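These notes are about the structure you will find just below.
The values are calculated or read from the model by the stated rules, or taken from the named source; none is laboratory data. Source: prediction; values computed, not measured. No Cβ is skipped: glycine too gets one built from the backbone with ideal geometry, and neighbour counts run over all protein chains shown.
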Amino acid sequence: MNIAVIGAGTMGNGIAHVFAMNGHNVNLCDISEEALDKALETIKSNLWRMVAKEKITEEIHDNSLKNITTYTDIKDAVQGADLVIEAASESEEIKLQLFKIIDEHAPEACILASNTSSISITKIASATDRPEQVIGMHFMNPVPIMKLVEVIRGYKTSDETTKEVIALSEKIGKIAVEVNDYPGFIANRILMPMINESIFALYQGVAGVKEIDSIMKLGMAHPMGPLELADFIGLDVCKAILDVLYEGYGEAKYAPCPLLVNMVQAGNMGKKSGEGFYDYSEHRKAEVVASNFK
């Protein structure tokens, strides 16, 4: 099967990795050559890590890399694709523009999927002439490790498209869970208010960063505390998802905490920027940032 992945960031390279490792031809597309080079290095590194842990053979490693072709032109990348998965920035405007272009150049029978974590699949599908073939495939990060794919049906997504995407997800070793198209779907509708409430607890001085994360890890058996997880996801992404939830439902519980808003405006996006609730610089690996967080 021919897969086109649009966007070579953290999610895009992870999606490309998984499909290529399972024998699919993957066209990985990004407007930045630098991003594509970085994505390939990440995929190589992650594949070697799997070889070292004896999860795959060196032959699978080599074949996986051979299965990936990079592109900077989206029109070329989607030609001949059976499935296009968009994994660009979590911006409605960007996704609508991309889907319009993808729809114009992808084969007629091609399924168009978005890895969006919160934006309406129905709205995305409205930018195309094939809404019945538009669906959400929300992978979890890190994609090669996490089993879940949240499969989101838009208002006009067909049963055939849904069944095909669920079957394909299972063939690449994932567990597909079907949900309907409402703001935040299920994963982020539940996760983001928990993260937001954790930030409010910090903002109001109830407890510190390590204390909040320790309570959730030790008391609730979470593998990662909510503030550490927010850093890992990206604080800008967390805010964007909360904005979608707040706009979609109009309920105060979804409004981003003022501390989160301030941190994003200050450029403290979490792990990817080097600083969030923790400091990720080389000399201070994941130490709590020296700040009163107010």
Given (1) assigned by TED's automatic domain parsing to the domain that holds Thr116; (2) in a helix (DSSP H, G or I), number of the condition Gly248 does not satisfy:
(1)
Which residues, taken from the range 20-62, are under 16 Å from Pro144 (Cα atoms) and among the polar types (S, T, N, Q)?
Asn22, Thr42, Ser45, Asn46, Thr57
Give me the strands (runs of 3 or more DSSP E) completely within the range 83-182, filtered to those with at least 2 residues that are within 24 Å of Ile31 (Cα to Cα) and either in the same structural domain as Asp243 (by TED's automatic domain parsing) or touching a strand residue (DSSP E or B) at 6+ places or on another chain (Cβ under 8 Å) (or both), ordered by residue number.
83-86, 111-114, 134-139
Among Leu260, Leu227, Leu242, the single one that is modelled with pLDDT of 95 or more, surrounded by 20 or more Cβ atoms within 10 Å (Cβ to Cβ) and either in a loop (DSSP other than H, G, I, E, B) or touching a Cys at 6+ places or on another chain (Cβ under 8 Å) (or both) is Leu260
Residues of the range 112-124 satisfying the condition of being crowded, with 24+ Cβ neighbours inside 10 Å and over 15 Å from the mean Cα position of the chain (by Cα)
Leu112, Ile124
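Could we say that Val26 is among the aliphatic types (A, V, I, L, M), buried (at least 22 other Cβ atoms within 10 Å of the Cβ), touching a strand residue (DSSP E or B) at 6+ places or on another chain (Cβ under 8 Å) and farther than 21 Å from Ser117 by Cβ here?
Working: among the aliphatic types (A, V, I, L, M): yes; buried (at least 22 other Cβ atoms within 10 Å of the Cβ): yes; touching a strand residue (DSSP E or B) at 6+ places or on another chain (Cβ under 8 Å): yes; farther than 21 Å from Ser117 by Cβ: yes.
Judged against the criteria, Val26 is a match.
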If we keep just the residues of the range 161-194 that are loosely packed, with under 15 Cβ neighbours inside 10 Å and small (Gly, Ala, Ser), which is nearest to Lys55 (Cα to Cα)?
Gly173
Hey, could you check the range 78-88 for residues that are in contact (Cβ under 8 Å) with a residue 60 or more places away in the chain and touching a helix residue (DSSP H, G or I) at 6+ places or on another chain (Cβ under 8 Å) and say which is surrounded by the fewest Cβ atoms within 10 Å (Cβ to Cβ)?
Ala88
Selection count where residues are in a loop (DSSP other than H, G, I, E, B), at pLDDT 95 or above and not β-branched (Val, Ile, Thr), scope the range 55-78:
2
How do the pairs read when you match residues in the range 52-63 that are not assigned by TED's automatic domain parsing to the domain that holds Gly23 with residues anywhere that are loosely packed, with under 11 Cβ neighbours inside 10 Å and part of a loop (DSSP other than H, G, I, E, B), using Cβ under 9 Å and keeping only pairs 6 or more apart or on different chains?
none
Of everything in the range 183-212, what is touching a helix residue (DSSP H, G or I) at 6+ places or on another chain (Cβ under 9 Å), of a type in the set (Val, Ile, Thr) and assigned to a helix (DSSP H, G or I)? Give them in sequence order.
Ile195, Ile199, Val209, Ile212
